Amino acid sequence: MADFSLKSEEIFALNDLLKTGTDKLVNFAIQLAVAVLVFYVGRFVIRKVVKIIKRLMDRRKVDASIASFVNSALETVLYFILIIAIIGILGIETSSFIALFASAGVAIGMALSGTLQNFAGGVLILSLRPYSVGDFIETQGYSGTVKAIQMFHTIITTPDNKTIIIPNGPLSNGNINNYSRQPDRRVDWTISLAYGTDFEKAKAAILDILASIPEIDRKTPGREPVVVIGSLSSSSIDLAARVWVRSEDYWTVYNKVLELIYSGLPAQGFKFPFTQMDVHLVPTDGKN
């Protein structure tokens, strides 16, 4: 009887174990099914939300770089929230998971501090927009046209077609000269003529040259072409000529006027002086 009683207790214990295991397995299966359902529903909702936000930004004609960044950031945040929700459904303690994620984030952040600085710089550039794609800028010792504003770098192309990749961190904290921000620019020339030149005649000749350039602004009050004496250097009179043009016409006007000045002024008798040095020989009595 004792042996039979012991076997019965073992059978009951085994039945309880099987029942408990079955209940847990069923509960886990239900949780897993709910988690999978939540994942697919959540992914569907996230895609719809991202598409709606993208459509709204397209209607408002938001800059393509900003729209891409916002969509990417929004999608990442929403998926992170979805993963946290799924982990909670599966019965995993979310607080410990978030703490682990935060610790890993701190460690990664310390290891990638420069990269994160560039990321933060990219966010600032996309938010404050000191320049946009297509602008001609001067920064960090380089000048060129902005081709792309990426998350970590800005890509510019120099006038001689070199591609320069500049980190966004230094760009967001440094000086930027944006030549395309204003619709108009002033063009300046320095014309050096020999001493003894009749200033009024030289001024009239230069103004005639400027009058032949149709891109120069002559209608806006205060922006008429100006020719003045800029300085008196050691071997020349330096005349300063100033005009206003559209930003896109700057180099065309600058180079064209230089050509006309170089060919036109000498034809009218004006001379461009060379740098010269006067050497005075002092006679001595023959002693060193």
Each label sits 7 Å from Cα toward the beta-carbon; between VAL41 and LYS201 the label points are separated, in nm, by 9.3
Which loop-located trypsin sites (Lys or Arg not before Pro) does segment 124-191 contain, where loop means any DSSP state but H, G, I, E or B and the Cβ has at most 11 other Cβ atoms within 10 Å?
LYS162
With the 1.4 Å probe rolled over protein heavy atoms, segment 156-221 has an accessible area per residue in Å² of 59
In segment 129-210, carbon and sulfur make up what percent of the accessible area (probe 1.4 Å)?
47
On a full-extension model of 0.36 nm per residue, what is the gain between THR145 and THR252, subtracting their alpha-carbon distance, rounded to one decimal in nm?
36.9 nm
XL table LYS54/LYS147; LYS219/LYS271; LYS201/LYS256; LYS203/LYS256; LYS162/LYS219; LYS61/LYS256; Cα-Cα > 29 Å flagged, in table order, is LYS219/LYS271; LYS162/LYS219; LYS61/LYS256
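The values are calculated or read from the model by the stated rules, or taken from the named source; none is laboratory data. The structure presented is a predicted model; accordingly, all values stated were derived computationally and were not measured. Counting neighbours? That spans all protein chains shown, and the Cβs are built from the backbone with ideal geometry, glycine included. We work out accessible area using only protein heavy atoms, side chains counted, and drop any ligands, DNA or RNA first. Shrake-Rupley method; radii C 1.70, N 1.55, O 1.52, S 1.80 Å.
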